[in-house]
């Protein structure tokens, strides 16, 4: 009985494509989360500093330009 | 009044929240993510699963190319904003330049990571030291990492803005070097271009580039807002320390 030659094994690129897309999106997502967290922290700091300045100058004036 | 000298800048651009601008930033970011996911849909269900030269591994191209083209875009934007800063000395242009470099470095990192994965799939190795495109992109990444290090190392805002602007204008020379690297320095492994002989491939390629551009510009606006808030916080801190409060 004649035996058919088995087809040459083909490289499986699915994991590479999965990792490329996954890493691209993960990096973008983490960068966005980090930026949002930084924005929240900075806003809280601004509010705190404004409050301190308001207490230091209750009339609304400030120390003026440097 | 300049944000650097206004002790309580209650209506400044930095404080207007995420909803300012023509397109609210939340909508902009969600639109970017939606388009990026739509790109995956096109890659998964529309384009052919193999290409003549590179076979199936060419599918990585649809995530690699958008980041590659957008990192060049954002470094170009940084160069233009920096040149504008040097010409006009506006503080806003410095922030646009700095945030464009941050987003560009992110896009460049994604380009290098996805490119290395593609290289492993297509050539059997993660990196080729003789490939002019790979090496020029790596040099560009290092150059702009240097820009960020320079910004972090200078405390005085005006000096930092001026030095960074000069650096970004000079660093923009990397953009044509990367773009024309294969023509100028010879071809190694890197393909001049993937054979895109089907309409679906061409549309998906440019759809992906546009989708990621929308996402990166949302990040750019967000980073610029954070940098503006940080600068304002420093101005307030300075005003408080001067007043002794």
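A few remarks follow.
- Criterion applied to B:81, B:168 was being touching a helix residue (DSSP H, G or I) at 6+ places or on another chain (Cβ under 8 Å) and within 29 Å of residue B:35 (Cα to Cα), and the one residue passing it is B:81.
- Residue match in segment B:217-232 (condition: surrounded by fewer than 17 Cβ atoms within 10 Å (Cβ to Cβ) and either on the phi < 0 side of the Ramachandran plot or within 10 Å of chain A (Cβ to nearest Cβ) (or both)): no
- Failed criterion for residue B:196 (all others in (1) surrounded by 15 or more Cβ atoms within 10 Å (Cβ to Cβ); (2) at pLDDT below 85; (3) in a helix (DSSP H, G or I); (4) more than 8 Å from chain A (Cβ to nearest Cβ) hold): (3)
- The listed residues are A:20, A:2, A:26, A:8, and the only one of them that is under 20 Å from the mean Cα position of the chain (by Cα), at pLDDT below 90 and more than 8 Å from chain B (Cβ to nearest Cβ) turns out to be A:26.
- Options B:127, B:118; residue that is touching a residue at least 40 places away in the same chain (Cβ under 8 Å) and either farther than 19 Å from residue B:223 by Cα or over 14 Å from the mean Cα position of the chain (by Cα) (or both): B:118
- Residue in segment B:51-70 that is assigned to a helix (DSSP H, G or I) and in contact with a strand residue (DSSP E or B) (Cβ under 6 Å, 6 or more places away or on another chain) present: yes
- Every test in (1) modelled with pLDDT of 90 or more; (2) not in a helix (DSSP H, G or I) is passed by residue B:82 save one, and that test is (2).
- When residues of segment B:120-159 are limited to those that are at pLDDT below 85 and part of a helix (DSSP H, G or I), the one nearest to the other protein chains (Cβ to nearest Cβ): B:121
- Residue in segment B:54-95 that is surrounded by the most Cβ atoms within 10 Å (Cβ to Cβ), counting only those that are away from chain A (no Cβ under 14 Å) and under 25 Å from residue B:208 (Cβ atoms): B:78
The values are calculated or read from the model by the stated rules, or taken from the named source; none is laboratory data. Keep in mind the model is a prediction, meaning the values are calculated, not measured. No Cβ is skipped: glycine too gets one built from the backbone with ideal geometry, and neighbour counts run over all protein chains shown.
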